[in-house]
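Here is the structure we will look at, set down as structure tokens.
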């Protein structure tokens, strides 16, 4: 176990508010700070790694609508953004877009300490250059003449609304940005969002007449490995994939999953110190896509060889009648020497492992529907 004196923060966003739990040194006891904004939809909450006192929160409140809250004291107090993400007003006679909610928050590059990015529903990309106080659209995407073609246009999309998610900043270059969209696919910019190109070769799109389109795919979560930014893993509506840049083609590593389980799911996580190790939480993708654990037997699957093989990790999970659903932002890892993993369910449970997935226990229950789980640290 890590000898670090830092305390782990478990940040849980739900359909009815945000909850911040402080864990003790062995991650067996958790003390609640919150709830915050009880009754509001909280889609994402993330700590700033450049300034650990700062947390940003994406909320949809009953009276304020979609907005951003910022804390500079690890969640003790919050202030609302002066200008939250909002699309430009449409020209007269044109149909515009309205932000339903901010879904994803990403800290900017370490060389830009006050920069943040936000992905919204419907698909829009926004940037703040004053630590989350005001937000402006990245018009290279939002006003791109191809935007409607890429995303399908309009306000509608996936069952809980179209999403821009997985906003990823290359740690080597603040101008290099990736975005994932449900629907729309995976895109890359090398000029800080001025121009974009699809990066979807190798991805299936079984729901289209053309199963291999240039764009329009449904990635659920994409993760860049922190120690090798050229390696990205993806959990897609149509499988699990890996890409190693500068290659431009994804490899379906989910083909190596057990056939009776399949490679359909929502979240993806990686081991922060080992680029060969990744974790997924498979779900039933048959018939009407139930989005629950296949056969009612929940498990995390781990690869230790970049997807060439997968190991089932179900010790501690229900062995039958466990129809769990884990959404795309709800599988997280800490940075302890004995790696911890945390999975949040739509039934309001947090399942955790303190031994890299070898065994699991339910550490929290009776929460509202969980939208996201993130890990932070307090010195």
By residue number, the members of the stretch 100-124 that are outside any loop (DSSP other than H, G, I, E, B) and either more than 18 Å from residue 160 (Cα to Cα) or within 14 Å of the chain's Cα centre (by Cα) (or both) are 102, 103, 104, 105, 106, 107, 116, 117, 118, 119, 120, 121
Of the residues in the stretch 320-379, those that are surrounded by fewer than 20 Cβ atoms within 10 Å (Cβ to Cβ) and on the phi > 0 side of the Ramachandran plot come to 321, 348, 356, 366
By residue number, the members of the stretch 216-232 that are in a loop (DSSP other than H, G, I, E, B) and surrounded by 21 or more Cβ atoms within 10 Å (Cβ to Cβ) are 218
When (1) under 20 Å from residue 66 (Cβ atoms); (2) surrounded by fewer than 16 Cβ atoms within 10 Å (Cβ to Cβ) are applied to residue 124, the one that fails is (2)
Taking the stretch 144-177 and the residues there that are touching a strand residue (DSSP E or B) at 6+ places or on another chain (Cβ under 8 Å), part of a loop (DSSP other than H, G, I, E, B) and modelled with pLDDT of 95 or more, the one that is nearest to residue 222 (Cα to Cα) would be 170
Conditions (1) closer than 21 Å to residue 360 by Cα; (2) part of a loop (DSSP other than H, G, I, E, B) -> residue 285 fails only (1)
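The values are calculated or read from the model by the stated rules, or taken from the named source; none is laboratory data. Because the structure is a prediction, the values reported are computed rather than measured. Glycine also receives a Cβ, built like all others from the backbone with ideal geometry; neighbour counts cover every protein chain displayed.
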